[in-house]
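Every read-out reported here was derived from the displayed coordinates using simple, explicitly stated rules and does not represent laboratory data. Remember, it's a predicted structure, so these values are computed and weren't measured experimentally. Here Cβ is always computed from backbone atoms with ideal geometry, including for glycine, and neighbour counts include all displayed protein chains.
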Amino acid sequence: MEKKISGVQIECRHGDITNQDDCDAVVNAANARLETGGGVAGAIHRAAGPELAKEARPLAPIKPGDAVITKAYRLPNKYVIHCLGPVYGNDKPEDKLLADCYSNALNLAEGNQVKSIAFPAISTGVFGYPIQEAASVAFDTILKMAPTLKSVKKIVFVLHSIQDLEVHEKVLEEEFKNF
Ligand code: ADP
């Protein structure tokens, strides 16, 4: 599914975040230490190679809502933007912290002349954020920011399962009615 707002294309696709060769930057659902781990962080560090952890180490630890940028090494992108999502039910207020991840990542993308960026569904794995609520926070933040973006022209949501893709498509459709 593709939508356009203020010249910014927003797309949901089924896939793997390490495979997005049409995007300048990919976002990592990172841990505070910016190390490899399970889920997205494990996949990104495995695909990028050990140089990624080496560059990221001095930037850690990061706090919920923070974003930092590194090169992407063996990934087919220029940059990885590492975001620490909130742990649902623990880091509060979780909706603001999750929105901060998306806005901080987009601000870093803008500052680095990124034209296209791919996000995973931050916090919806091990961190337990319900997928529909998380999608709503993500799209609300992005649709509000879209008119301010100058460099970023394409934002892709990469969903690991068909169910998560369907939820995101439905929420994006709904959110669009509010803009
Ligand atoms: P968090 O710790 O922020 O919850 P996770 O990595 O555990 O992050 O999961 C975030 C989301 O990314 C989950 O919905 C999970 O299903 C999904 N996911 C896991 N691996 C991948 C991948 N390789 N590409 C895209 N999405 C993925």
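Looking across segment 1-12, the residues that are in contact (Cβ under 8 Å) with a residue 60 or more places away in the chain and surrounded by fewer than 15 Cβ atoms within 10 Å (Cβ to Cβ) come down to M1, S6, G7.
The C-beta contact set for segment 71-89 (first residue of a type in the set (K, R), second residue not in a loop (DSSP other than H, G, I, E, B), distance under 6 angstrom, 6+ apart or interchain) comprises R74/A48. Kindly establish whether I62 is crowded, with 22+ Cβ neighbours inside 10 Å, closer than 23 Å to F127 by Cβ and free of Cβ contacts under 8 Å to residues at least 60 places away in the same chain. No, not satisfied. Among the criteria (1) part of a helix (DSSP H, G or I); (2) within 13 Å of the ligand (Cβ to nearest atom); (3) surrounded by 15 or more Cβ atoms within 10 Å (Cβ to Cβ); (4) over 15 Å from the mean Cα position of the chain (by Cα), the one A56 does not fulfil is (2). Pairs linking a residue in segment 112-133 that is touching a residue at least 24 places away in the same chain (Cβ under 8 Å) and near the ligand (Cβ under 6 Å from one of its atoms) to a residue that is assigned to a loop (DSSP other than H, G, I, E, B) and of a type in the set (A, V, I, L, M, F, W, C), with Cβ atoms under 6 Å and 6 or more positions apart or on different chains, are F127/V87. Of everything in segment 27-53 that is within 12 Å of the chain's Cα centre (by Cα) and within 9 Å of the ligand (Cβ to nearest atom), the residue that is surrounded by the most Cβ atoms within 10 Å (Cβ to Cβ) is N28. For segment 89-134, which positions are part of a loop (DSSP other than H, G, I, E, B), buried (at least 17 other Cβ atoms within 10 Å of the Cβ) and touching a Pro at 6+ places or on another chain (Cβ under 8 Å)? Across segment 89-134, the qualifying residues are D91, S123, T124, F127, Y129. When both residues are 6+ apart or on different chains and their Cβ atoms are under 8 Å apart, which pairs have a first residue that lies in segment 136-161 and is closer than 14 Å to K4 by Cα and in a loop (DSSP other than H, G, I, E, B), and a second that is more than 16 Å from the ligand (Cβ to nearest atom) and acidic (D, E)? Hits for this filter: L149/E110; V152/E110.
I'd like to verify a number: residues in segment 6-26 that are away from the ligand (no atom under 11 Å from the Cβ) and assigned to a strand (DSSP E or B), how many?
So in segment 6-26, the residues away from the ligand (no atom under 11 Å from the Cβ) come out as 6-12, 21-25.
Those still in the list that are assigned to a strand (DSSP E or B) too: 8-12, 25.
Number of matching residues: 6.
Before we move on, is G85 of a type outside the set (D, E), in a loop (DSSP other than H, G, I, E, B) and over 19 Å from A41 (Cα atoms)?
Values: of a type outside the set (D, E): yes; in a loop (DSSP other than H, G, I, E, B): yes; over 19 Å from A41 (Cα atoms): no.
The answer is no for G85.
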